[in-house]
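Engineer: Dropping a structure here in structure tokens format, bear with me for questions.
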Amino acid sequence: MTAEEAAHERDRQDTETLLRLENVYKHFHVRGTGWFGRGGSYVHAVDGVSLDVRAGETLGLVGETGCGKSTLARCVARLHDVTDGSIVFQGRDITRLPARKMRPVRQDIQMIFQDPYGSLNPRRRVGSIIGDPFAIHGTESRRARRLRVQELMELVGLNPEHYNRFPADFSGGQRQRIGIARALALRPKMIICDEPISALDVSIQAQIINLLADLQDELGLTYVFIAHDLSVVQHVSDRIAVMYLGQVVELAPTDELMNRPRHPYTNALLSAIPVADPDRAEQRERVVLAGDMPSPISPPEGCRFHPRCPKAAPYCVENVPLLEPRLGDRDDHVASCHFPVAEGEDIALESPSIDESHRAAGAGPPPHTEGTSGHGHG
Amino acid sequence: MATADPERAGEPEQEQDVVKGRSPWRLGWERLRHDHVAMAAAVVIVLIGLAALLAGVVSDLISHPPDTQYREIGLSPAGVPQPPDSTFWFGTDGVGRDVFVRVLYGTRISLLVGIASSFGAVVLGTVIGMLAGFYGGAVDTLLARALDVILSMPFLLFGVALAAVLGPSLWLVVGVIVFFTLAAVGRIVRGQTLSIREREYVEAARSLGASNRRIMFTEILPNVLAPVLVYASLLVPIAIIFSASLSFLGLGVPPGTPAWGVMLREAIDYYTVAPWLFAFPGGALLLTTLAFNLLGDGVRDALDPKASRLGRAG
Amino acid sequence: MLRFVIRRTLYGVLVIWVISVVVFVLFFVAPRNVARKLAGRQADMSAVEAIREDLGLNRPLLEQYGDFLWGLLQGDLGYSYYSDEPVTDKILDALPISVSLAAGAAVIWVVLGVSIGVLSALRPRTIADRAATTFALFFYSMPTFLLGLLLLYFLFYQLHLVGIDWFPAATYVPLTEDVGQWARHLILPWITLALVLTGTYIRLTRGSMLDALGEDYIRTARSKGITESRVTVRHALRGGITPVVTQFGIDFGTLVGGVLITEQVFGLQGLGYIAVTSVVQGDLPVVIGVVMVASAFTVVASIVVDFSYAVLDPRVRLT
Ligand SMILES: Nc1ncnc2c1ncn2[C@@H]1O[C@H](COP(=O)(O)OP(=O)(O)OP(=O)(O)O)[C@@H](O)[C@H]1O
Ligand code: SF4
Ligand SMILES: [Mg+2]
């Protein structure tokens, strides 16, 4: 590829890439218990995430609780300042934009929150909550605001006459609709949905999912859809990123990820989905992970997943796997595992080839050189 | 179950008769309205307020100014105060002044001190508490520590000492009460703000680009107002008692003022011969503090059933 | 734990130091009229100047503060402008009276307040509970001096008139001299102080007990016998007692540093009494001494409260 072609290629990508995260880190300082808070430490909530979100797509972001999904979302919405790395939105670096310059950008990036009870101020009327974006950005006259709010309420399936009610007068699903209406008010390009349905009754979850899908079609929205398991995300996402301990460990188009999960962690997540089809259910053993997720204060050396990985080998303890195509996958399917899972392999039957002393010492010869694609380990 | 969160009740969408929701304030008011004791107390407070407003009118009507000394008709030949009769309904005091009129005038000072100081404490305490809780960090450390220091100072003793330095006056009393009670308000508000700051709706406002000022006024303030209001209503009687106590020690409002604390102090010299001198101002004082406390309890139950109980030292 | 103790104590010292600055600024910087007051109404300028010089009020402020702080550190609070007596002596004389008053009253109000509070929490919404709540609110609303005057009038004066002298007023008999007389002379002040504070303790105990017991418990307690509920009561009391301990620490600390009103009403020459007298006389060293000592008591009390909190409630993190 010539330099010119490369530049061209970058341009082309930029036009279709709405959001680009490059090596984003977010560490929280926690005060120690020593004198004057000494002995503090850092929570590595997000630890080097690079991701692209393309215009019009839905990117699913999946991972266990505490793996840093919300933190990443908050960094993108600039609710947190990142520790390092950059956030590029529509080709513009917004990582350190001052609040004043950030305001217009905020119109384009909106969030929907997990807790429909916590995300609406109980002491304010719904009409004024939904009208907040107009009030803050001064985009509509007071008179027009009410009309616009009622349009929005209709758009998300709320009765516009309930304009003057309080959040307490609504059910969980309705409240989530209120949150959606508020996020839509400024016609954003992208909406980050942080577990928008996990607090809702199962019967209502589907309604909200459908609403989000309809809105996407109608308004050409781009979604980042966060969830802690794959069962919902697989149905709504074009691509899925799997997060573990502050890092993306696998990223692929949805079908590709579901059919050829390379990372053992992805396999574990997949095996946890309840399967309707009894044949498939039998076919797939559930992968039970050892232990809990380690503390993000001191993430494990080498591959972060090694203390729980069924395939862990001594090599994993010492060497950090890169996020790249494995086993001859296409460019858009990347995983960070030295011993990726091949098709047909059942990792539920495997056991790690490292023991405690190995995990600590990280001894043992590398069975593969870094980046070699080829057969699975095993 | 009684302990279930009322906000989560009615999950199945029971529609649609009410279009306009009732605000938490309205709901609180409706609860208060059905609290007979609190409403009775409110009526008493209104009457006390009327007495304060009409003290001048009444004194004109019976043509007994509060400071006139009726030495001929108001004192016995031996110079002893007169017991209540048809001329002097509450009797006369040591220099022959009409106790009834003076008790009426006393309502003015008590209400003024009570309301002005609890208002001042609430405004300042809310501002300080909100700033400390919202901004956190060094601002918070500084303000929270300052509140700690204020709370460690013996309240009444400092009031007394200040009166000695600056000379007794009504506004000094108000100032002292404000200074020493704003710390308690500030603590409550700071605690509330600290927890509200982390709520998702604040995060939502922030993600919309709301300024800090807007977040404090539209998101946080409405939520801290309920406990603050409860505290304010319970602060009124505390302020009234405090100011009466200072006056009783001779260090509150200047001697000679028709204030209940002053009258009670003057009554000590006559308490063997003229018990009405402390019965009437004392009764009025007790009635007022009782009424405010009863109303305050009602307000607390109506708005904020979990608010902490107040203490006071004497 | 040790680190917590040290840290908390250092913080207490810091608070006392800040208070000393506040006190100094208030009393040495603000008033220009102390010397004048001492010199008397008719004194001429030179007499006033002489007194200022005598008291060291004309020296640079920082120097005065240095002396003040140095004195404080050595436990030397200066000399009374009036009697030339060391302030420390005056305070040491007055302290037993204030402590006697506060301690005796504390026994009454804690026993009364906590037991009534517990009983009314165990039988919520009964007539007994209503009566307790009313009692609490009544005395909570009662100004101390008013109650003192009432007790004096009825229990001292009226009884005295009919020849019953159960409750002598005024004068203090030291505990070391005669325990019976000590208590007899203090009983009216004790009742005054205790009743006024009992209201707070009833409300506090009742409230936190009810929280701790929870609605569920009350139902089960009713359906089961009292024996079994006793265990639960003990549990609830332990959980519910923490706010009472906090309140008690604060109240007691404040009171030991001077019970201004009760001492004034009953003519007991404790710290509060000498504070008021010195304020009226403009005897600044004594006022400052009492204020500093009283503040120290409050700070110490709050430290003790924090420690007992940590002991009572294991959830409190010691940092
Ligand atoms: N403000 C903060 N200060 C310190 N640590 C934080 C803060 N916010 C998050 N963390 C820590 O960062 C890590 C990631 O948290 P985050 O909320 O992003 O996880 P999550 O993936 O969204 O989890 P969940 O599914 O529970 O929402 C957690 O260990 C969390 O404790
Ligand atoms: S690199 Fe090793 S430890 Fe990490 S996921 Fe792959 S096999 Fe498991
Ligand atoms: Mg989250």
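Engineer: Based on Cβ point charges of +1 for Lys and Arg and -1 for Asp and Glu, what charge dipole magnitude is obtained for chain B about its Cα centre, in debye rounded to the nearest 20?
Structural biologist: Numbers: 23 positive and 25 negative charges, 121 e Å.
So the magnitude is around 580 debye.
Engineer: Regarding segment B:64-110, what is the average projected area of its C-alpha convex hull, in nm²? Mind showing how you got there, number by number?
Structural biologist: On the way: hull surface 12.0 nm².
Averaged projected hull area, Cα only: 3.0 nm².
Engineer: May I pose another question? Suppose each label sits 7 Å from its Cα in the direction of the beta carbon; what would the A:T65-C:V311 distance come out to in nanometres?
Structural biologist: Result: 3.7 nm between the two label points.
Engineer: Roughly how many Å is it from the Cα centre of segment A:60-110 to that of segment B:225-271, as a whole number?
Structural biologist: After rounding, the separation between the Cα centres reads 56 Å.
Engineer: Right, here's the next one. Give me the distance in nm between label points sitting 7 Å out from Cα along the Cα-to-Cβ direction at A:K101 and C:L73, one decimal.
Structural biologist: It works out to 5.3 nm between the two label points.
Engineer: Could you work out the relative contact order of segment A:89-247, using alpha carbon pairs under 8 angstrom and six or more residues apart, expressed as a whole percent? Could the numbers behind the result be given before it?
Structural biologist: On the way: 184 pairs, mean separation 43.6, N = 159.
It rounds to 27 percent for segment A:89-247.
Engineer: With θ set to phi - 60° and the Karplus curve 6.51 cos²θ - 1.76 cosθ + 1.60, what are the ³J(HN,Hα) couplings of segment A:305-320 in order, to the nearest whole Hz, using x for Gly and Pro?
Structural biologist: 8, 4, x, 10, 7, x, 9, 4, 10, x, 4, 5, 6, 9, 10, 7
Engineer: What's the FRET efficiency of A:S351 with A:A55 using the Cβ-Cβ distance as r and R₀ = 51 Å, to the nearest 0.05? The partial results should precede the final answer.
Structural biologist: Details: r = 44 Å, r/R0 = 0.87.
Efficiency, rounded to the nearest 0.05: 0.70.
Engineer: Taking the Cα centre of segment B:116-213 as origin, work out the dipole magnitude from +1 charges on Lys and Arg Cβ and -1 charges on Asp and Glu Cβ, in debye rounded to 20.
Structural biologist: Values: 7 positive and 5 negative charges, 16 e Å.
Here the size comes out at about 80 debye.
Engineer: Hey, can you grab everything whose amide H is under 5 Å from the amide H of A:D47? Only 5+ residues off in sequence or another chain; H modelled, so Pro and N-termini drop out.
Structural biologist: Excluding prolines and chain starts, which carry no amide H, the hits are A:K26, A:Q247.
Engineer: Right, another one. Averaged across B:248-254, how many Cβ atoms of other chains sit within 10 Å of each residue's Cβ atom?
Structural biologist: Working: counts 10, 9, 4, 4, 0, 0, 0.
Partner Cβ neighbours, averaged per residue: 4.
Engineer: Per residue, how big is the convex hull of chain B when only Cα atoms are used? Give it in Å³. Mind dumping the intermediate values first?
Structural biologist: Details: hull volume 56.8 nm³, N = 314.
For chain B, the hull spanned by Cα atoms encloses 181 Å³ per residue.
Engineer: At R0 = 35 Å, how high is the FRET efficiency between A:S298 and C:L2 if r is their beta carbon distance? Nearest 0.05 is fine.
Structural biologist: Working: r = 27 Å, r/R0 = 0.78.
For R0 = 35 Å, the calculated efficiency reads 0.80.
Engineer: Then there's this: In nm, to one decimal, how far is the modelled label at B:R22 from the one at C:Y157, with both set 7 Å along Cα→Cβ?
Structural biologist: Placing both labels 7 Å beyond Cα along the Cβ direction yields 5.1 nm.
Engineer: Rounded to whole Hz and in sequence order, give me ³J(HN,Hα) for segment A:103-110 from the Karplus expression 6.51 cos²θ - 1.76 cosθ + 1.60, θ = phi - 60°, writing x for Gly and Pro.
Structural biologist: After applying 6.51 cos²θ - 1.76 cosθ + 1.60, I find 3, x, 5, 4, 4, 8, 10, 10 Hz.
Engineer: Let me ask something additional. Run the paramagnetic zone check for B:S195: 7 angstrom along Cα to Cβ, then residues of segment A:99-139 with backbone nitrogen under 19 Å.
Structural biologist: The answer is A:115-124, whose backbone nitrogens lie closer than 19 Å to the label point.
Engineer: Would you mind giving the mean number of other chain beta-carbons within 10 Å of the Cβ of each residue in C:263-270, as a whole number? Numbers along the way, then the final one.
Structural biologist: Details: counts 0, 6, 2, 0, 0, 0, 0, 0.
The mean count of partner-chain Cβ atoms within 10 Å per residue comes to 1.
Engineer: Averaging over all projection directions, find the projected area of the Cα convex hull of segment B:180-238 and quote it in nm² with one decimal place. All intermediate terms of the calculation are to be shown ahead of the outcome.
Structural biologist: Working: hull surface 16.4 nm².
Answer in nm², one decimal: 4.1.
Engineer: How well do other chains shield peptide B:237-245, expressed as the mean number of their Cβ atoms within 10 Å of each residue Cβ?
Structural biologist: Numbers: counts 3, 2, 0, 2, 9, 1, 0, 4, 7.
Whole-number average of other-chain Cβ neighbours for B:237-245 is 3.
Engineer: What is the calculated FRET efficiency for B:Y270 to B:R145, with r their C-beta to C-beta distance and R₀ = 30 Å, to the nearest 0.05?
Structural biologist: Values: r = 48 Å, r/R0 = 1.61.
Calculated value: 0.05.
Engineer: Next up: Which one of B:T92, B:W171, B:T126 is farthest out on the positive end of the charge dipole of segment B:30-313, using unit charges on Cβ (Lys, Arg +1; Asp, Glu -1) and the Cα centre as origin?
Structural biologist: Ranked along the dipole, the leading option is B:T126.
Engineer: How do A:53-60, B:186-193, B:167-174, C:155-162 rank on mean C-beta neighbours within 10 Å, highest first? Spell out each step's value before the answer.
Structural biologist: Working: A:53-60: 20.2, B:186-193: 23.0, B:167-174: 18.4, C:155-162: 13.5.
Highest-to-lowest ranking by the protection proxy: B:186-193, A:53-60, B:167-174, C:155-162.
Computed from the coordinates by the stated procedures, all read-outs in this text should not be read as laboratory data. What you are looking at is a predicted structure, and each value in this text was computed from that prediction instead of being measured. No Cβ is skipped: glycine too gets one built from the backbone with ideal geometry, and neighbour counts run over all protein chains shown.
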